[in-house]
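S.K.: A single structure is presented below for examination.
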Amino acid sequence: MILYYLKLAIRNLLKNKWYSFLVLGGFSIGFAACILIGLFYQNEVSVNKNFANHLNIYRLYDVKQNRCNLNWDLFPVITTGYAAVEDACPLEYENGMKITVKNEQTHAYTEIQHLLTTTNNFFSIFSVNMVEMSADKPFDGKESVVLSKATAEKLFGKQNPLGQRINVHNFFSGAVTGIFDELPPNSSFRADVILNSENKEFRMSNTCNNGKCYNPTNLFVMLKSGADPNNLANDLNNSATIKSLDVDSLAMQKLDDIYLSELTVKSRHAKGNPALLKIFIAIAALILLLSSINYVSYSISMQYAKLKETGINKTNGAGWKDLIGYTFTEVTSGIIISLVFSVFIALLALPYAGSLFGKVLHVNWHGWLAVAPFFLTAVVVVILINSLAPLYVLSKFRITEFLSGFR
């Protein structure tokens, strides 16, 4: 019976092909816009979640001084004497400017935008996949430099980069001791070149306070499973050593929260806009509402156009169950056709979505699967809403009035 209803529904769509095309096409475009906004939302809330240990990684920040750039010398303190700490690393990040990197032997050069300075701990905490290493660790010596695979290819082509010396913006010079795969693109920080900050000459910042100078840097901590970050923060704040490192009151910020955090600490990490995200969600809801209203009008007009056909079906013995089944099938088939077209439209528009949202969307199948339940729920709600209107028209239909010629 459902197959029969489906054939009737398709026949009626083809009977009014231009009207159906305009309405279903409009709904498809509206729903495609909602899909793109949904993917953008998912992209924003999943920043930094592609790191394997993201649930256990925290950034330290000073609550009273409202800053996350802390004394580099706090790093060895954290990694000794605190049972909750699995590992930790300093991470100083430079971006937003073009940095020239040169092969000192061939003088070939390239420009990069993402420079990190950290320690060997970083590579295990953030599960960095190393393609090549000259030793058992990425940094083999204080003058070690590690390159992304793409940067290494630009500087050395098919030559082996390990052991070769490079110059970074005429400030740093070191030997390449490792090549790594690109960091997850949907992250608050990236890396083209990574310097070993165990070498004081490779630390990019310096500040002085009351005659005491130090190297400010972000400090990331990976906690052991089940450890309470608040307890660790309290233990650190009760330490006499902390007070001597120009720190007032430490707190822990989850890696997952950095991008959309409401904290106002200054940081080089990419920052999202939670308010803008809410605006986009409201726009998506409005588009879906207007598209549904348009489709409801279409469904009602189609139902009035078929009153004669409905009367004939009732005269021939069709019951309410049959009419309801057909109406539901007709609405569902139209919505599903629109949904299929909307997915194709969204896929075609995805490469250009960066112009709308101001950033490139890094969408994979996990992103599609993450938003799928919400869109399927929306489709079910739209089908129910658009089925109620035709059913209301049917509830007002009287077979006696139809047979008597009442209009």
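Rule-based calculations on the coordinates, nothing more; no lab input. Only a predicted model underlies this, so the values are computations on that prediction, with no experimental measurement involved. FYI the Cβ positions are ideal-geometry reconstructions off the backbone, even for glycines, and counts take in every protein chain you see.
S.K.: Along the Cα→Cβ direction, 7 angstrom out, place labels at K158 and K278. What is the inter-label distance in nm?
M.R.: Label at K158, label at K278, 5.7 nm between them.
S.K.: Here's a follow-up. So which GluC sites (Glu not before Pro) in the range 72-176 end up in coil per DSSP with only 16 or fewer other C-beta atoms within 10 Å? Walk me through the intermediate numbers first.
M.R.: Values: sites: E86, E92, E94, E104, E111, E132, E143, E153; in loops: E104, E143.
When the GluC sites (Glu not before Pro) of the range 72-176 are filtered for loop state and at most 16 Cβ neighbours within 10 Å, E104 remain.
S.K.: Report relative contact order for the range 54-257 in percent, whole number only (criteria: Cα-Cα under 8 Å, sequence separation at least 6).
M.R.: Working: 423 pairs, mean separation 71.7, N = 204.
So the answer I get is 35 percent.
S.K.: Here is a follow-up. Taking H as built 1.01 Å from N, whose amide H comes closer than 5 Å to the amide H of E86, not counting residues under 5 places away?
M.R.: M222, L223, K224
S.K.: Tally the DSSP beta bridges in the range 77-215 and give the antiparallel ones as a percent, rounded to 5.
M.R.: Details: 24 of 33 bridges.
In the range 77-215, DSSP labels about 75 percent of beta bridges as antiparallel.
S.K.: So what is the relative contact order for the range 153-279, in percent, with contacts set as C-alpha pairs under 8 Å and at least six apart?
M.R.: Values: 78 pairs, mean separation 19.3, N = 127.
Taking the mean separation of contacting Cα pairs over the length of the range 153-279, I get 15 percent.
S.K.: Could you tally the net charge around I179, taking each other residue with its Cβ under 10 Å from the Cβ of I179, Lys/Arg +1 and Asp/Glu -1? Kindly include the intermediate steps, with their values, before the conclusion.
M.R.: Numbers: positive: K149; negative: E132, E153, D181.
Here the count lands on -2.
S.K.: Can you compute 3J(HN,Hα) from phi for each residue in the range 64-78, using the Karplus curve 6.51 cos²θ - 1.76 cosθ + 1.60 with θ = phi - 60°, rounded to whole Hz and x for Gly and Pro?
M.R.: Coupling constants for the range 64-78: 5, 8, 6, 8, 10, 8, 10, 4, 4, 5, 6, 4, x, 5, 5 Hz.
S.K.: Next question, about the same structure. Given all pairs of different Cα atoms, what value in angstroms does the Kirkwood hydrodynamic radius of the range 154-265 take?
M.R.: 17.9
S.K.: Among residues other than L250 whose Cβ falls under 15 Å from its Cβ, what is the net charge (Lys/Arg +1, Asp/Glu -1)? Before the final figure, lay out each step's value.
M.R.: On the way: positive: R59, K64, R67, K243, K254; negative: D62, D73, D228, D235, D246, D248.
Taking every Cβ under 15 Å from that of L250, the sum is -1.
S.K.: Let me ask something else about it. Compute the projected area of the convex hull of the Cα atoms of the range 54-257, averaged over all viewing directions, and report it in nm² to one decimal place. Intermediate results must be reported in sequence, preceding the final value.
M.R.: Working: hull surface 46.9 nm².
Convex hull of Cα atoms, orientation-averaged projection: 11.7 nm².
S.K.: Positive end of the charge dipole of the range 54-257 (Lys, Arg +1 and Asp, Glu -1 on Cβ, about the Cα centre): tell me which of S173, L195, M130 has its Cα farthest that way.
M.R.: Sorting the options by dipole projection puts first S173.
S.K.: I'd like the trypsin sites (Lys or Arg not before Pro) in the range 124-212 restricted to DSSP loop residues with at most 16 other Cβ atoms within 10 Å, sorted by number.
M.R.: Numbers: sites: K142, K149, K154, K158, R165, R190, K200, R203, K212; in loops: K142, K158, R190, R203.
Answer in residue order: K142, K158.
S.K.: Return the whole-Å distance between the Cα centroid of the range 214-248 and the Cα centroid of the range 65-79.
M.R.: 7
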